[in-house]
Amino acid sequence: MSFRTKRVLFSVPFYIIFQFFLLKYIFLLFGGVDDVILIVISILIGLMRCIPMFFEERKSTNVGRFFQTVDGIWMWASLMFLIDVVLIYVLNSFITLPKFIVYILLAIVPVLGVYNYYKATKLVVNSKILEFDNLNRNINIVHMSDVHFGSVRHKQIISQIAEKLKELEDSCQIAIISGDLADGSSVVEPHDFDSLKDVKMPIVFTPGNHDFYMGIENVIEACQNAGIIVLDNDNFEFENLNIYGLTYSFDDIPTPTPDEIKNNLNPNLINIINYHVPYNWEEFSSLGFDIQLSGHTHGGQFYPVVNFANILFKYHKGLFKNKSGNYIHVTTGVGSMDTPMRWGTDSELVILKLRKK
């Protein structure tokens, strides 16, 4: 049983209790429903959350992916309805809201849901400029992270990325994936990433924590079959770039020491560290890395979580530069975690345009 499945199973009893009280207070706005009915509905919602995972671990199916997607959308909707219900009850404590106002406030959630789902599945291309004194010639890097291939976003997200990368081949020289290519919600088969075979530019990938949940060896095998270069605590030189991939695994594997990491630097090239989480930028900069490429945060993914991401992560999204001229770029990611919803962030590929000052 994977780490992700264990985590979900642990949370299911609390999720069922949450669903019961959420539904109870929603239905009270319309006169109420028998508690026995609400208990049955809440248990069914809890079962929908966990049962498909057992099957998805062994063989991903259309049915399993459908229920996982429905669960992900409802999980987002539950949070939105909770905010809605709290707002309605607070307002009702001061004034008596007309029924049509209550209906409008509740109807906002499905309307927002359509927009959120659209934002999560629409892949956009953004761009940033990074300037260096020691750059031999201009180069464009496609940076992406957090693809989260799994039950909610399956082979269609790999095909979507492949098509975008093909469109960018004339203007970009290399693509770099900063971890969480896989989500851990479904097994990774050996040829699941094969759509990326047709991309002519090199694709570099360094594992993140989710890549370990269903077996890192499965993710690496699928990458190798697709021609993706896997940097697992090692480096790769390409034109005027030296790219070092530092794997992030929640301590599932030993982390190299600073001296071991420093041994992978090339002072004659632009040194990039590909590291899933936006941590230790100051340390990596002091070692000699010009650029850190990270993801992990999703930028908060959707409101109101977006507002907390800036508190939880010092570098939560975007491009940052220090006084020494070193950069960290944190992408909001391609896919989504648990729920296929975005609001206030992009599902993005980012072209990093390295230019000489």
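A Cβ distance below 6 Å, combined with a sequence gap of six or more or placement on separate chains, defines the contacts here; from segment 222-244, residues that are at positive phi reach residues that are hydroxyl-bearing (Ser, Thr, Tyr) in the pairs Asn233/Thr247. Each residue in segment 283-323 was checked for being closer than 26 Å to Ile73 by Cβ, in contact (Cβ under 8 Å) with a residue 40 or more places away in the chain and either small (Gly, Ala, Ser) or surrounded by 23 or more Cβ atoms within 10 Å (Cβ to Cβ) (or both), and 6 of them qualify.
One residue stands out among those in segment 1-15 that are touching a residue at least 40 places away in the same chain (Cβ under 8 Å) and part of a helix (DSSP H, G or I): the one that is most open to solvent (accessible area, probe 1.4 Å), which is Phe3.
Name the residues in segment 171-183 that are surrounded by fewer than 22 Cβ atoms within 10 Å (Cβ to Cβ) and either β-branched (Val, Ile, Thr) or under 20 Å from the mean Cα position of the chain (by Cα) (or both), would you?
Within segment 171-183, just Ile174 meets the criteria.
For segment 16-30, a residue qualifies if it is in contact (Cβ under 8 Å) with a residue 12 or more places away in the chain and either out of contact with any Gly (no Cβ under 8 Å at 6 or more places or on another chain) or within 22 Å of Ile88 (Cα to Cα) (or both), and the qualifying residues are Ile17, Phe18, Gln19, Phe20, Leu22, Leu23, Lys24, Tyr25, Ile26, Leu29.
Ile253 satisfies every condition listed in (1) part of a loop (DSSP other than H, G, I, E, B); (2) farther than 27 Å from Arg65 by Cα; (3) touching a strand residue (DSSP E or B) at 6+ places or on another chain (Cβ under 8 Å) except (3).
Every residue, every condition in (1) within 22 Å of the chain's Cα centre (by Cα); (2) without any contact (Cβ under 8 Å) to a residue 40 or more places away in the chain, yes or no:
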position	(1), (2)
Leu165	yes, no
Ser185	yes, no
Phe193	yes, no
Lys197	no, yes
Met201	no, no
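For segment 227-244, the criterion of being open to solvent by less than 40 Å² (accessible area, probe 1.4 Å) and small (Gly, Ala, Ser) is satisfied by no residue at all. For segment 67-89, a residue qualifies if it is of a type outside the set (A, V, I, L, M) and either under 14 Å from Pro340 (Cβ atoms) or open to solvent by 40 Å² or more (accessible area, probe 1.4 Å) (or both), and the qualifying residues are Phe67, Gln68, Thr69, Asp71, Gly72, Trp74, Trp76, Tyr89.
The values are calculated or read from the model by the stated rules, or taken from the named source; none is laboratory data. Keep in mind that what you see is a predicted model, and the values were worked out from it rather than measured. Note that we place each Cβ from the backbone using ideal geometry, even for glycine, and neighbour counts take in every protein chain shown. Surface areas here come from the heavy atoms of the whole protein model, side chains and all, with no ligands, DNA or RNA. Shrake-Rupley method; radii C 1.70, N 1.55, O 1.52, S 1.80 Å.
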